[in-house]
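The values are calculated or read from the model by the stated rules, or taken from the named source; none is laboratory data. Being a predicted model, the structure only gives us computed values, none of them experimental. Note: ideal-geometry Cβ built from the backbone for every residue, glycine included; neighbour counts use all protein chains shown.
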Amino acid sequence: MARERRRHARVDVDWPAVVQHAYGGMVAEMENIGTNGAFIRCDKPLRPKERFKLLIVAPNHSPLSASAEVAWLQVACADKDLPPCGMGVRFTRVSSTVRQYIRSFVATEKK
């Protein structure tokens, strides 16, 4: 089993998200989230270190906005048994309100 390298906890979610980048936008699904990043399932992941705006549609909440960059990719996903296509992202700019919401959500879900 691989050693966990994250410093901050993440929790599983199934939230819609919109990735807005220089070439347009794409609808995606957020698979997990933590205070510093997330994993986003999408058909066409961006390139590593590419920066973009992320709109997160959390249930019972207005959309959350963050700036992010691609930290790593999962692109070997042709078979159902493999992990989903997508990208691990690091939040680069998040308002204190959004960060507090994510922090509270993660703390509640980890229990």
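Just to be sure, is Arg90 out of contact with any strand residue (DSSP E or B) (no Cβ under 7 Å at 6 or more places or on another chain), surrounded by fewer than 18 Cβ atoms within 10 Å (Cβ to Cβ) and not in a loop (DSSP other than H, G, I, E, B)?
Taking the combined requirement at face value, the residue does not satisfy it.
Within the stretch 38-50, how many residues are modelled with pLDDT of 95 or more and either over 14 Å from Met87 (Cβ atoms) or touching a His at 6+ places or on another chain (Cβ under 8 Å) (or both)?
The number of residues fulfilling the criteria is 1.
Please verify whether the stretch 54-62 includes one or more residues that are within 13 Å of the chain's Cα centre (by Cα), modelled with pLDDT of 95 or more, not in a loop (DSSP other than H, G, I, E, B) and not β-branched (Val, Ile, Thr).
yes
Could you run through the stretch 23-43 and say how many residues are in contact (Cβ under 8 Å) with a residue 40 or more places away in the chain and assigned to a loop (DSSP other than H, G, I, E, B)?
Total satisfying the criteria: 4.
Determine the pairs where a residue that is under 21 Å from Lys53 (Cβ atoms) and touching a residue at least 60 places away in the same chain (Cβ under 8 Å), located within the stretch 84-111, has a partner that is surrounded by 15 or more Cβ atoms within 10 Å (Cβ to Cβ) and β-branched (Val, Ile, Thr) with Cβ atoms under 8 Å apart, the partner being 6 or more residues away or on another chain.
Going by the 8 Å Cβ cut-off, the qualifying pairs are Arg99/Thr35; Ile102/Ile33; Ile102/Thr35; Ile102/Val94; Arg103/Thr35; Phe105/Ile33.
State whether one or more residues within the stretch 74-84 are outside any helix (DSSP H, G or I) and modelled with pLDDT of 95 or more.
Checked against the condition, which is being outside any helix (DSSP H, G or I) and modelled with pLDDT of 95 or more, the stretch 74-84 yields no hits at all.
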